[in-house]
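The values are calculated or read from the model by the stated rules, or taken from the named source; none is laboratory data. Because the structure is predicted, anything quoted here is derived from the model rather than measured. Neighbour counts are summed over all protein chains in view; Cβ atoms, including those assigned to glycine, are modelled from backbone coordinates with ideal geometry.
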Amino acid sequence: MAHPPTPISPPLKDELDIVIPTIRNLDFLEMWRPFFQPYHLIIVQDGDPTKTIRVPDGFDYELYNRNDINRILGPKASCISFKDSACRCFGFLVSKKKYVFTIDDDCFVAKDPTGKEINALEQHIKNLLMPATPFFFNTLYDPFREGADFVRGYPFSFREGVPTAISHGLWLNIPDYDAPTQLVKPLERNTRYVDAVMTVPKGTLFPMCGMNLAFNKELIGPAMYFGLMGDGQPIGRYDDMWAGWCSKVICDHLSLGVKTGLPYIWHSKASNPFVNLKKEYKGIYWQEEIIPFFQSVVLPRECTTVQKCYLELAKQVKEKLGPVDPYFQKLGDAMVTWIEAWEELTAPPQANDQPTKTPIKEEPSPKPK
């Protein structure tokens, strides 16, 4: 009698967490169910902690709200942004897995040109498990992909590649534009599906988007800090950019790779360009100083770990960007606090580190007399 086929376990099922920042019910997960259900979700609830966030049945998840963040981190909770998607990096802190995939709640399953639904998570995993080639560009893009290879003239000494630390995915439909570009191109949509993955070359910075991103936590996790943004800060919407610049400089120093391209997701909702402009305008102004800073950063040879690199970067941020605006002094301090929190939470878990599965119910405020 024939035995039924053994079910194939999803790749990295027990080694990967999906981190989602949100302020609303997670109905978008229904569309992702075939791809996400086997994995563990870490949901970081932004905004009002008394609001109940509904998660569709059948998902394995932890839900953290602001009360949990304050309880678990204590005074160090000041480094986690409030009312900005930068709060997602708290999920990176508490994840106990080797790999993290993070996605926004307005992102849906995209289709390739043949109409087939794209399993974004599976493609990110492929990217992370294959080497990257930051030292010499291969004109056939990713030489480790099936049906591709290194082209003639590619040095053999570079063909082994280096470990891939970051996989940066793209999006169809609503482009990821800054507010001025949004304002002049309100109807523009991205319809171009480019079937390619490439390694971002060493010495080249790139604008990292956090809505479709995966990384190897063991290789680059401590650099994935999304900064101080949102409530109480003079800037927003630069959280993923900041993490991208810091992590790329550190990847270059430690000979790690960053891939960009596939997979695509479907970005469904355009944010308000006037609201965005208010959040971004200082960043648009400051980035003319920030980019040259990151282009010229030199990390000393004794910086042999991501943590050491990041603390050195924090020091240089305060020294060199501090004169641009006092905000960068504050950001440099928060970068140090983040590393302290990282060291604390990656130690063996304590009993009181468990999240509340249901949102904390607070006593109602007394009615005014």
Practice item. Report whether or not GLY283 is small (Gly, Ala, Ser) and closer than 16 Å to TRP245 by Cβ. Key: yes
Study note, to complete from the structure: In the set THR6, THR50, the lone residue that is assigned to a loop (DSSP other than H, G, I, E, B), of a type in the set (S, T, N, Q) and at pLDDT 95 or above is THR50
Study note, to complete from the structure: If you go through ASP239, ASP231, the only one that is at negative phi, among the acidic types (Asp, Glu) and surrounded by 24 or more Cβ atoms within 10 Å (Cβ to Cβ) is ASP239
Practice item. Would you mind finding the one in ALA314, ALA334 that is in contact with a helix residue (DSSP H, G or I) (Cβ under 6 Å, 6 or more places away or on another chain), in contact (Cβ under 8 Å) with a residue 40 or more places away in the chain and not in a loop (DSSP other than H, G, I, E, B)? Key: ALA334
Study note, to complete from the structure: Inside the range 199-219, the number of residues satisfying the requirement of being assigned to a helix (DSSP H, G or I) and surrounded by 18 or more Cβ atoms within 10 Å (Cβ to Cβ) is 2
Review point. Considering only residues of the range 164-178 that are under 25 Å from ASN216 (Cα atoms) and not polar (S, T, N, Q), which is surrounded by the fewest Cβ atoms within 10 Å (Cβ to Cβ)?
Key: ASP176
Review point. If you check every pair at least six apart or on different chains, which have Cβ atoms under 9 Å apart with a residue in the range 119-135 that is on the phi > 0 side of the Ramachandran plot and at pLDDT below 95 first and a residue that is crowded, with 18+ Cβ neighbours inside 10 Å and not small (Gly, Ala, Ser) second?
Key: none
Review point. Of these, PRO222, PRO234, PRO186, which one is part of a loop (DSSP other than H, G, I, E, B) and modelled with pLDDT of 95 or more?
Key: PRO234
Check your understanding: Is it the case that some residue within the range 142-163 is surrounded by 18 or more Cβ atoms within 10 Å (Cβ to Cβ), of a type in the set (Ser, Thr, Tyr) and modelled with pLDDT of 95 or more?
Key -> no
Review point. Does ARG24 count as more than 16 Å from LEU213 (Cβ to Cβ), out of contact with any Cys (no Cβ under 8 Å at 6 or more places or on another chain), of a type in the set (Lys, Arg) and assigned to a loop (DSSP other than H, G, I, E, B)?
Key: yes
Exercise for review: Working carefully through the options LYS278, LYS269, LYS282, LYS308, find the one that is within 20 Å of the chain's Cα centre (by Cα) and among the charged types (D, E, K, R).
Suggested key: LYS269
Practice item. From the list LEU345, LEU311, LEU254, pick out the single residue that is touching a Cys at 6+ places or on another chain (Cβ under 8 Å), among the hydrophobic types (A, V, I, L, M, F, W, C) and either exposed (fewer than 15 other Cβ atoms within 10 Å of the Cβ) or over 24 Å from LEU170 (Cα atoms) (or both). Key: LEU254
Revision key, fill the gap. Going through (1) out of contact with any Leu (no Cβ under 8 Å at 6 or more places or on another chain); (2) of a type outside the set (Phe, Trp, Tyr); (3) under 30 Å from ILE235 (Cα atoms); (4) outside any loop (DSSP other than H, G, I, E, B) one by one, GLY169 fails only at (1)
Practice item. Scan the range 237-264 residue by residue and report those that are of a type outside the set (A, V, I, L, M, F, W, C) and part of a loop (DSSP other than H, G, I, E, B). Key: ARG237, TYR238, SER255
**Study point:** Tally of residues being crowded, with 19+ Cβ neighbours inside 10 Å and free of Cβ contacts under 8 Å to residues at least 60 places away in the same chain across the range 179-188
**Key:** 0
Revision key, fill the gap. Screening PRO273, PRO292, PRO323 for residues that are modelled with pLDDT under 95 and more than 23 Å from CYS89 (Cα to Cα) leaves only PRO273
